[in-house]
Amino acid sequence: MTERTLILVKPDGVKRALSGEVLRRIEAKGYTLVAVELRKATPELLAEHYAEHVGKPFYDPLVAFMLTGPVLAVVAEGERVIEGFRSLAGATDPTVAAPGTIRGDLARAWDLPVIHNIVHGSDSPESAEREIGIWFPGL
Ligand code: IDP
Ligand code: MG
């Protein structure tokens, strides 16, 4: 079934000029770009986006990190794109993310309170619908 997912190039990816590389991989896989916008997050928006992580030890550092610079907000569309982009992104921890994935190829561990791993991708149809509504309420 054709579906949509919310992807973010996080501030580490934007700063390292990897936005184009991430978009290239999304398009090369065969997914369609529906929306692409360079945005400055706000604490309110991130509190909604990361609601599931409130109270975890990395929550405050995660929000602080996401405010260090612009993020590239993307909606991509395609057959099973939610699962497919998670597969392109690789595991959360870039040290063990498989080579060939965005995180496995382009990120590594730093001695930081929050993992810098270049991208976010919705993890389920429910999350995708919720997150697209947060970042692109007009869609
Ligand atoms: P995901 O991005 O692979 O879906 P989540 O568990 O949803 O991973 O976590 C959201 C983000 O929070 C991660 O992408 C990463 O930046 C950060 N994070 C997750 N777990 C940890 C942790 O154990 N320590 C530090 N940062 C973490
Ligand atoms: Mg997640």
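Report, by residue number, each residue of the stretch 42-77 that is crowded, with 18+ Cβ neighbours inside 10 Å and touching a strand residue (DSSP E or B) at 6+ places or on another chain (Cβ under 6 Å).
If the condition is that a residue be crowded, with 18+ Cβ neighbours inside 10 Å and touching a strand residue (DSSP E or B) at 6+ places or on another chain (Cβ under 6 Å), then Val71, Leu72, Ala73, Val74, Val75, Ala76 are the ones that fit.
Looking at the stretch 48-67 only, could you name the residues that are in contact (Cβ under 8 Å) with a residue 40 or more places away in the chain, farther than 19 Å from Lys15 by Cβ and among the aromatic types (Phe, Trp, Tyr)?
If the condition is that a residue be in contact (Cβ under 8 Å) with a residue 40 or more places away in the chain, farther than 19 Å from Lys15 by Cβ and among the aromatic types (Phe, Trp, Tyr), then Phe58 is the only one that fits.
Residues that are surrounded by 15 or more Cβ atoms within 10 Å (Cβ to Cβ), farther than 19 Å from Lys29 by Cβ and not charged (D, E, K, R): does the stretch 91-98 have at least one? Walk me through it before giving the result.
To start, the set of residues in the stretch 91-98 that are surrounded by 15 or more Cβ atoms within 10 Å (Cβ to Cβ) comprises 94, 97.
With the extra rule that they be farther than 19 Å from Lys29 by Cβ, the set shrinks to 94.
With the extra rule that they be not charged (D, E, K, R), the set shrinks to 94.
The answer is yes, given that some residue of the stretch 91-98 is surrounded by 15 or more Cβ atoms within 10 Å (Cβ to Cβ), farther than 19 Å from Lys29 by Cβ and not charged (D, E, K, R).
If the requirement is being within 11 Å of ligand 1 (Cβ to nearest atom), among the hydroxyl-bearing types (Ser, Thr, Tyr) and at pLDDT 95 or above, which of these qualifies: Thr92, Thr5, Thr42, Thr32?
Criteria check complete, one pass: Thr92.
Here is a yes/no grid of residues against (1) away from ligand 2 (no atom under 16 Å from the Cβ); (2) out of contact with any helix residue (DSSP H, G or I) (no Cβ under 7 Å at 6 or more places or on another chain); (3) free of Cβ contacts under 8 Å to residues at least 40 places away in the same chain:
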| residue | (1), (2), (3) |
| --- | --- |
| Gly20 | yes, yes, yes |
| Gly30 | yes, yes, no |
| Leu46 | no, no, yes |
| Gly69 | yes, no, no |
| Ala91 | no, no, yes |
| Asp111 | yes, yes, yes |
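The values are calculated or read from the model by the stated rules, or taken from the named source; none is laboratory data. Keep in mind that what you see is a predicted model, and the values were worked out from it rather than measured. Every residue, glycine among them, receives a Cβ derived from its backbone with ideal geometry; neighbour counts consider all protein chains shown.
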